[in-house]
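Report on the following structure.
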Amino acid sequence: MFKGNIIEEPGKTTRETGKYPFLFFKTHIMRFEKYFNAVILYRMKNKLTAKLFTITDVLLRSGRPMSAVELSRETGIERNACWRIVSDLCELGYLRKASYRTVEPALGMVHWGQAAYSGTFFPRKALQELTTAAQKMNVSTALAGIFNGHLIYLHRDHCNESDFYGYPLHASNLALVILCRMYGGEKALQMLAADARKYGFSDKELSLLCADCTNRIRSTEKNGYAIDTGPNGSNISFPVERGRDVYGLAFFSLTEPHELPELIARCSVLRRKLEE
């Protein structure tokens, strides 16, 4: 028989009968609470992860030891949370005490970066072949990617990659071809102009930069490479795609313009090897 909107049958005590409807609601409330708690925990973990990487990123970019108070002020993260994260990272060996109040990157973080760099991105053998070929052509090479609006060098001849840490995007032919392939010419130009503004470019300087970048962006879209000529010679940069990632490969210090066509052909072959 019917009891309201719930069916009740003699001899049955399941939730379908409606004899004990409170069990049905209690079960669903418990399931909802379990799901809700899981969502809250997931979001808390995400927030903690974001805070951890924000703090370490600010510390690395500063290039100097910082205190939890300074990190809190720079990141906007509450002081107690900064202190707990910094303490945990020190205990794990990723940060170390530089003084009573300040911390700096430790060997754990260096090891982490070296491990990723040595076994990821491009095989060391391929980079060695690239350098050998460049020496025969009497040019230098560089290989880089972009992370969080910063150019990250994976390889650069005759220097330490850290020497170019924080190199401005708007001054890099490599950055131009990477952004062009990743976002298209129009957005790439906007990003390069925005980067130049951060360095205090005047309207006139910005106009000249945009005109130059526009020409190189058109070349990248049409030919697959961009040429930038300066006082130290020409720079030829190619976008390099590996999976879903886009990098930039540059050949620079070319002082003989008549050799450009041959160099472009040979560099294109090297670029394809990196994409394999």
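The values are calculated or read from the model by the stated rules, or taken from the named source; none is laboratory data. Model, not experiment: these values are computed from the prediction. Positions of Cβ are generated from backbone atoms using ideal geometry, with glycine treated the same way; all protein chains shown enter the neighbour counts.
Considering only residues of segment 185-219 that are within 25 Å of the chain's Cα centre (by Cα) and acidic (Asp, Glu), which is surrounded by the most Cβ atoms within 10 Å (Cβ to Cβ)?
So the residue we want is Asp195.
Across segment 257-268, what is the number of residues that are out of contact with any helix residue (DSSP H, G or I) (no Cβ under 9 Å at 6 or more places or on another chain) and either modelled with pLDDT of 85 or more or more than 21 Å from Arg218 (Cβ to Cβ) (or both)?
3
Between Arg271, Arg216, which is among the basic types (Lys, Arg), in contact with a helix residue (DSSP H, G or I) (Cβ under 8 Å, 6 or more places away or on another chain) and either over 17 Å from Ile146 (Cα atoms) or touching a residue at least 60 places away in the same chain (Cβ under 8 Å) (or both)? Explain how you work it out, then say what you get.
Working: Arg271 fails: in contact with a helix residue (DSSP H, G or I) (Cβ under 8 Å, 6 or more places away or on another chain).
None of the other options fit; the residue is Arg216.
Filter segment 210-226 down to the residues that are aliphatic (A, V, I, L, M) and either touching a Phe, Trp or Tyr at 6+ places or on another chain (Cβ under 7 Å) or within 22 Å of Pro261 (Cα to Cα) (or both) and list them by number.
Ile217, Ala226
Report, by residue number, each residue of segment 96-125 that is in a loop (DSSP other than H, G, I, E, B) and modelled with pLDDT of 75 or more. Explain how you work it out, then say what you get.
Narrowing segment 96-125 to residues in a loop (DSSP other than H, G, I, E, B): 98-101, 106, 120-123.
Listed by number, the residues that qualify are Ala98, Ser99, Tyr100, Arg101, Ala106.
Go through segment 78-95 and count every residue that is in a helix (DSSP H, G or I), in contact (Cβ under 8 Å) with a residue 24 or more places away in the chain and under 20 Å from Arg64 (Cβ atoms). Step through it out loud before you land on a result.
Filtering segment 78-95 down to residues in a helix (DSSP H, G or I) leaves 79-92.
From what's left, in contact (Cβ under 8 Å) with a residue 24 or more places away in the chain: 81-82, 85-86, 89.
Restricting the remaining residues to those that are under 20 Å from Arg64 (Cβ atoms) gives 82, 85-86, 89.
The number of residues fulfilling the criteria is 4.
Is it the case that segment 234-254 has a residue that's of a type in the set (D, E, K, R) and more than 24 Å from the chain's Cα centre (by Cα)? Step through it out loud before you land on a result.
Let us first name the residues in segment 234-254 that are of a type in the set (D, E, K, R), namely 241-242, 244-245.
From the residues that got through so far, the ones that are more than 24 Å from the chain's Cα centre (by Cα) too are none.
No, that holds for no residue.
Take residues that are of a type in the set (Phe, Trp, Tyr) and over 20 Å from Leu209 (Cα atoms) and tell me which of the strands (runs of 3 or more DSSP E) falling wholly in segment 224-275 contain 2 or more.
Numbers: elements: 226-230, 233-242, 245-254.
Because the criterion is at least 2 residues that are of a type in the set (Phe, Trp, Tyr) and over 20 Å from Leu209 (Cα atoms), the strands (runs of 3 or more DSSP E) in segment 224-275 that meet it are 245-254.
As an exercise: evaluate Ser207 against (1) within 19 Å of Ala144 (Cβ to Cβ); (2) part of a helix (DSSP H, G or I); (3) hydroxyl-bearing (Ser, Thr, Tyr) and give the number of the one condition it does not meet.
It is condition (1) that Ser207 fails.
Checking the conditions here, which among Ile236, Ile264 is in contact with a strand residue (DSSP E or B) (Cβ under 8 Å, 6 or more places away or on another chain), over 15 Å from Arg156 (Cα atoms) and among the aliphatic types (A, V, I, L, M)? Before you say what the answer is, go through the steps one by one.
Numbers: Ile236 fails: over 15 Å from Arg156 (Cα atoms).
Testing whether each residue is in contact with a strand residue (DSSP E or B) (Cβ under 8 Å, 6 or more places away or on another chain), over 15 Å from Arg156 (Cα atoms) and among the aliphatic types (A, V, I, L, M) leaves just Ile264.
Under 9 Å between Cβ atoms, which residue pairs at least 6 apart in sequence (or on different chains) link something in segment 48-66 that is part of a loop (DSSP other than H, G, I, E, B) with a partner that is of a type in the set (Lys, Arg)?
Taking only residues 6 or more apart or on different chains, the pairs are Pro65/Lys97; Pro65/Arg101.
Name the single residue that is farthest from the chain's Cα centre (by Cα) among those in segment 92-107 being of a type in the set (A, V, I, L, M, F, W, C) and surrounded by 12 or more Cβ atoms within 10 Å (Cβ to Cβ). Please lay out each step first, then the result.
Kept after step one, since they are of a type in the set (A, V, I, L, M, F, W, C), are these residues of segment 92-107: 92, 95, 98, 103, 106-107.
When the remaining residues are screened for being surrounded by 12 or more Cβ atoms within 10 Å (Cβ to Cβ), the result is 95, 98, 103, 106.
Numbers: Leu95: 21, Ala98: 28, Val103: 24, Ala106: 21 Å.
Filtering segment 92-107 for residues that are of a type in the set (A, V, I, L, M, F, W, C) and surrounded by 12 or more Cβ atoms within 10 Å (Cβ to Cβ), the one farthest from the chain's Cα centre (by Cα) comes out as Ala98.
Assess whether Leu174 counts as being assigned by TED's automatic domain parsing to the domain that holds Thr220, within 13 Å of the chain's Cα centre (by Cα) and either modelled with pLDDT of 80 or more or within 14 Å of Gly248 (Cα to Cα) (or both). Show your work before the answer.
Working: assigned by TED's automatic domain parsing to the domain that holds Thr220: yes; within 13 Å of the chain's Cα centre (by Cα): no; either modelled with pLDDT of 80 or more or within 14 Å of Gly248 (Cα to Cα) (or both): yes.
Taking the combined requirement at face value, the residue does not satisfy it.
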